[in-house]
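Report on the following structure.
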Amino acid sequence: MLLSRLFASATPKRITGIRAQSILSASPTAREFKVVLDNGTVYVDQALAEALGWTPDQPTEGVPLTLSGWEPHYFAIARTGTDSDLLARGTVESSRNPRVKQMLDYLKDR
């Protein structure tokens, strides 16, 4: 629902990462980027494009990406077929398991 509301707007929107300890990786390679959403298209800078697999020598071939989500807090865009994509999809699938959800709710309150 959130995405449909964002996509319905004709006004460009700035999207920035929302920091949450349970979502954002503690990895030293984690970086934060700003993007612009306009009319259903997300515009990114070259550094983010390259981080997702785009290369300057093949500018028009594109990179397949997958958007996975578990409302209201977990949304991930990853290059399709990568370990990151599989992890994001697995996280969303696990969110449907009542035992996993119960454990996450327990941990969230700690």
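Nothing in this text is a laboratory measurement; each read-out follows from the coordinates by a stated rule. Being a predicted model, the structure only gives us computed values, none of them experimental. Here the Cβ positions follow ideal geometry from the backbone for every residue, glycine too, while neighbour counts run over all protein chains shown.
Set the Förster distance to 30 Å, then compute FRET efficiency between E61 and R31 from the Cβ-Cβ distance, nearest 0.05. Walk me through the numbers on the way to the answer.
Values: r = 24 Å, r/R0 = 0.80.
It comes out at approximately 0.80.
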Report task. Sticking with the crude label model, points 7 Å out along Cα→Cβ, report the distance from S94 to T82 in nm, one decimal please. Result -> 2.0
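Report the calculated FRET efficiency for E71 and D105 (r = Cβ-Cβ distance, R0 = 22 Å), to the nearest 0.05. Before the final figure, lay out the partial values.
Working: r = 15 Å, r/R0 = 0.67.
Rounded to the nearest 0.05, the efficiency is 0.90.
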Report summary line: Counting only residues 5 or more apart in sequence or on a different chain, those whose built amide H sits under 5 Å from that of W70 are F75
Query raised in the report: Amide H neighbours of L65 under 5 Å, counting only residues 5+ apart in sequence or on other chains, H built in-plane at 1.01 Å?
Result: T80
